[in-house]
1. If the Cβ limit is 6 Å and pairs must be 6+ apart or interchain, which residue in region 47-76 that is modelled with pLDDT under 85 pairs with which residue that is polar (S, T, N, Q)?
2. Could we say that residue 249 is surrounded by fewer than 24 Cβ atoms within 10 Å (Cβ to Cβ) and touching a Lys or Arg at 6+ places or on another chain (Cβ under 8 Å) here?
3. Give the residue that is farthest from residue 67 (Cα to Cα), with candidates limited to residues of region 9-37 that are charged (D, E, K, R) and not in a loop (DSSP other than H, G, I, E, B).
4. Is it true that some residue in region 391-409 is over 29 Å from residue 277 (Cβ atoms) and touching a residue at least 40 places away in the same chain (Cβ under 8 Å)?
5. Under the condition of being assigned to a helix (DSSP H, G or I) and closer than 15 Å to residue 425 by Cα, which residue from region 386-397 is modelled with the highest pLDDT?
6. Out of (1) surrounded by fewer than 24 Cβ atoms within 10 Å (Cβ to Cβ); (2) under 20 Å from residue 428 (Cβ atoms); (3) not hydroxyl-bearing (Ser, Thr, Tyr), the odd one out for residue 372 is which?
7. Would you call residue 202 among the aliphatic types (A, V, I, L, M) and free of Cβ contacts under 8 Å to residues at least 40 places away in the same chain?
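The values are calculated or read from the model by the stated rules, or taken from the named source; none is laboratory data. None of the values given here were measured: they were computed from a predicted structure. Note: ideal-geometry Cβ built from the backbone for every residue, glycine included; neighbour counts use all protein chains shown.
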Amino acid sequence: MAELERADAVDLGSRLKAARRAAGLTQPQLVEGFISVTYISRIERGERRPGPDLLEQLCHKLNVSARSIISGFDAIDTRQLELELEYAELSLSTGDADTALTAAVRLASTQAVAADSAMLARATLLRADALAALGETTDAVTTYEECLRAHPSGAHWPSAAIALSRLLREVGDLRRSAAVAEGALERLASTELHGGEEAIRLSVTLAATLYELGEVGRSVLLCQQAISSADELGSDRARAAAYWNSSVIEAEAGNIDRALELARTALVLLEGRDDTRSLARLCTQLGEILLRTDPADVDTAIAYLERAAEDYRWGNASEAERLHNQVTLARARYLAGDVASAIETATAVVDTVQDLPFVSAAAAILLGQTSFAAGRQDEARTHYLRAIHEVTSVGADRQAVQLWFDLASLLDEAGMTADANDAYRRAAASSGYSSRPNPFLTAKVRQSRSESPTP
């Protein structure tokens, strides 16, 4: 118990003495049966420091917490702080990230929380989650790393590792994303959590990143193992995560029917849980898959995407998750012929997005398409050049290669031949990846529900 080793022996002895007197016990009454009166006298004078087991025995007889003896804060103080932390976590879960962040910073600065490793880990993780929800990506990454470094044991570090790996994947830092997940799995292997729910969630998080890196075989194997482990464990949360990530990979491989089956199974498993954020992410995924069916089920996709958008409005989603949903919704509306709404949504994303090159590029591509279709070639060129800039900022991975192929086709159509040839070269230079047909480039847009706007 590190806190016990750091505690001042005189202060600790004084607090034990005060607790004994408050309990109405003499020294012989307190120590009867396990240590001598002489020894407790020396502890109370600060000449000896009790070990963790002895301290727990003494505190049990005194009906006080060991934490209150070590830190000097009574049980009422610490319980009040725990309630404040729970309230801050609830604020984040209902979408009030600003309140959650303010509370997390304040609580972590209090002496009682700083002295309690479990509460400090919770406060640090809450701060990271709030920063991610506010779109402060760099600070969120740093804080997740702080949580993993400063609190390497306890109940919260696997959640920090999963969130950090996912966030790094969202911003395109795939190698670091994979390294975080792999490192966490290695740590879990030597703990009692090995093979449990957190290990399964970490496995599928790693699988999603490996797929983006082009390591398809390993990714598929991890998902298969995760499904088997989750079914054996019987955890709905773990099973949902395993089926969900397998759905993503099946969709990317072009196995749309299988992807829909897995995603819908995951949705059923999540429906009864109080996990609005996961439901919103899964509904976004379902919307994306439905847009890739032949023919695309646009109306059902929009229903799922709008449901997700509403859940994100009230949940603790990251800025990356919300904006990804909005870009996909804009694309779906474009396919449905609602061009005005598509432009409005995509423009809002472009005006908001920071440090999310894939999201920014996708929104810019859609705006380029709508501008070109409306005969505004210069405007289309501006949007396409922004997309080129964004994709250039990330490395060669599956998602980047797909965007290069999409851009090349659209640039060619727009008469930007030199840029199109360069985009084709960039895509082709990334060996080991292949593109898939993009429904947003090949599908016929429905008759517009209103006249195409001229923004």
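1. Qualifying pairs under 6 Å: 74/68; 75/65; 75/68.
2. In short, no.
3. In this case the residue turns out to be 21.
4. Yes, region 391-409 contains a residue that is over 29 Å from residue 277 (Cβ atoms) and touching a residue at least 40 places away in the same chain (Cβ under 8 Å).
5. My answer is 388.
6. So residue 372 meets the others, but not (2).
7. No, not satisfied.
Yes or no, residue by residue, for (1) crowded, with 18+ Cβ neighbours inside 10 Å; (2) assigned to a helix (DSSP H, G or I); (3) among the hydroxyl-bearing types (Ser, Thr, Tyr); (4) modelled with pLDDT under 90:
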residue: 168; (1), (2), (3), (4): yes, yes, no, no
residue: 180; (1), (2), (3), (4): yes, yes, no, no
residue: 192; (1), (2), (3), (4): no, no, no, yes
residue: 199; (1), (2), (3), (4): yes, yes, no, yes
residue: 205; (1), (2), (3), (4): yes, yes, yes, no
residue: 210; (1), (2), (3), (4): yes, yes, no, no
